[in-house]
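Student: One structure, pasted below without further comment.
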Amino acid sequence: MSKSMEDAVIVAYGRSAVARSGKGALRNTHPIEYAAEVLSAVLNKIPQLPVDEIEDVIIGCAKPELSQRYNIARLIAIRAGLPYSVPGQTVNRFCASGLQSISTAANMIMTGQSSAMVAGGVESMTAIPYMGIGDAVFKDTWLDEHEPGVYMGMGLTAELVAEKYGVSREQMEEFSVLSQQKAARAQENGILAKDIIPVTAVDDEGNTFVFEKDESVRANTTLESLAGLKAPFKENGRVTAGTSSSTNDGVGIVVLTSAETAREKGLKPLAKFLAFSVVGTDPKYMGIGPMEAISKVMKLTGLTVDDMDVVELNEAFAAQAIPCIKETGLDPEKVNINGGAIALGHPLGATGAILVGKALTQLELQKDKYALVSMCIGGGMGAAAILERLSDK
Ligand SMILES: CC(C)(COP(=O)(O)OP(=O)(O)OC[C@H]1O[C@@H](n2cnc3c(N)ncnc32)[C@H](O)[C@@H]1OP(=O)(O)O)[C@@H](O)C(=O)NCCC(=O)NCCS
């Protein structure tokens, strides 16, 4: 290698608004269309970076099947009009796919192998319904019998975590009402809109319209409205639709360069990508993944949770977010300041990239330094990353 460790910096980011799957604004639009639109708009924010200098487009996608197959990263790059010389790579780390892709891009830069990369994630849960297609065909019978956790529905894993950590339905409902209130406030005061790139959507009559507002937020959620909901994942269970993330469509895109490239091109480095960790845990308790992942990323950086100014902890379920906050010693006041996935939705592969943008926007508002982004991952994993805002000097 000719170069020593480089700093990988984020120079631009953006996302679509998050739509409800199946019935939402993006239900008639191919994910490549809105992903390419967001990618183009993010690149337009940094005209100083010639697009033919981008060395890879890495896109996370948790279900790279059906309309998301054929290496969707490559297809998005071509649809966005990038030259053929810019390659594309699709990454699947389930719910951390968007964060994994950013980490992979950062690693290429930090090791001196690339100087400009696009990363992010996309998911149309309309295109690939969450409960999967043809379960009986794809399951390995040995795994199904001996390791049932690997094929377990995420809702059931949340029930198991709630039982193990003694999280009551009432605690989950309180957490969820707060998430909805924070998201509604952030929507109202325009904080969420800062990251959103309007995209073209198509209605059932084939007419186009502009989609630019997250659809899943239920501002009028109350403890009373949640108390009446059924528990869909387990008989007499505690987890409900109101305390779960919803199923969604959306995309998030981030552009990273080396600090040197940013300097040369006159790009403003918004934040440095400091470190990433990913860990494995028992698939039946996949929701606890962030616990180990957070402690590992802290060790890697020599930082502590107290150093974190902003935390984006994906709310797959209140059942897992609550014990993750408690066990890692995170300050609840710093977690999901503008609401979490219970209110804003969780378009699986896109979430990591969306949360990175959300964290950076909030860090900038606070003029603070460190953000932690973390999530649990289907199959029993957890991921975490730390970003450092680079202050204007
Ligand atoms: C929980 C889940 C099954 C619900 O799916 P759904 O039934 O299509 O969801 P809906 O939005 O229709 O909500 C179901 C009901 O709860 C109600 N509801 C949901 N959130 C509510 C809220 N905040 N306040 C009040 N009512 C609410 C809806 O109005 C609906 O009521 P209805 O049946 O009377 O119409 C689905 O969202 C899911 O699978 N979530 C988890 C996704 C997941 O596992 N992701 C990966 C994580 S690792």
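The values are calculated or read from the model by the stated rules, or taken from the named source; none is laboratory data. Because the structure is predicted, anything quoted here is derived from the model rather than measured. Note that each Cβ is placed from the backbone with ideal geometry, even for glycine, and that neighbours are counted across all protein chains shown.
Student: Does the stretch 182-196 contain any residue that is assigned to a strand (DSSP E or B), touching a Ser or Thr at 6+ places or on another chain (Cβ under 8 Å) and over 29 Å from ASP368 (Cα atoms)?
Tutor: No: zero hits.
Student: Quick check on the stretch 109-117. Is at least one of its residues at pLDDT 95 or above and more than 22 Å from ALA12 (Cα to Cα)?
Tutor: Within the stretch 109-117 (the criterion being at pLDDT 95 or above and more than 22 Å from ALA12 (Cα to Cα)), the answer is no, since none of the residues qualifies.
Student: If you don't mind, there's one more thing I want to ask. Mind listing whichever residues of the stretch 218-233 are more than 9 Å from the ligand (Cβ to nearest atom) and over 16 Å from MET172 (Cα atoms)?
Tutor: Once the filter is applied, which keeps residues that are more than 9 Å from the ligand (Cβ to nearest atom) and over 16 Å from MET172 (Cα atoms), the stretch 218-233 yields only ALA219.
Student: Further, regarding this structure: Quick one: GLN48 ticks every box in (1) within 19 Å of PRO83 (Cα to Cα); (2) in contact with a helix residue (DSSP H, G or I) (Cβ under 8 Å, 6 or more places away or on another chain); (3) in a helix (DSSP H, G or I) bar one, so which box is it?
Tutor: All conditions are met except number (3).
Student: Test GLN89 against the criterion of being part of a strand (DSSP E or B) and away from the ligand (no atom under 16 Å from the Cβ), and give yes or no.
Tutor: yes
Student: Looking only at the stretch 234-259, how many residues end up being of a type outside the set (Ser, Thr, Tyr), touching a helix residue (DSSP H, G or I) at 6+ places or on another chain (Cβ under 6 Å) and near the ligand (Cβ under 9 Å from one of its atoms)?
Tutor: Of the residues in that region, 2 qualify.
Student: Quick one: what pairs do we get from the stretch 320-346, first residue without any contact (Cβ under 8 Å) to a residue 24 or more places away in the chain, second β-branched (Val, Ile, Thr), C-beta under 7 Å, 6+ apart or different chains?
Tutor: Sorted first by the residue in the stretch 320-346, then by its partner, the pairs are ILE325/VAL335; PRO332/ILE325.
Student: Then there is this: Where in the stretch 309-393 are there strands (runs of 3 or more DSSP E), lying fully within it, with 2 or more residues that are within 12 Å of the ligand (Cβ to nearest atom) and on the phi < 0 side of the Ramachandran plot?
Tutor: Passing ranges, in order: 370-377, 381-389.
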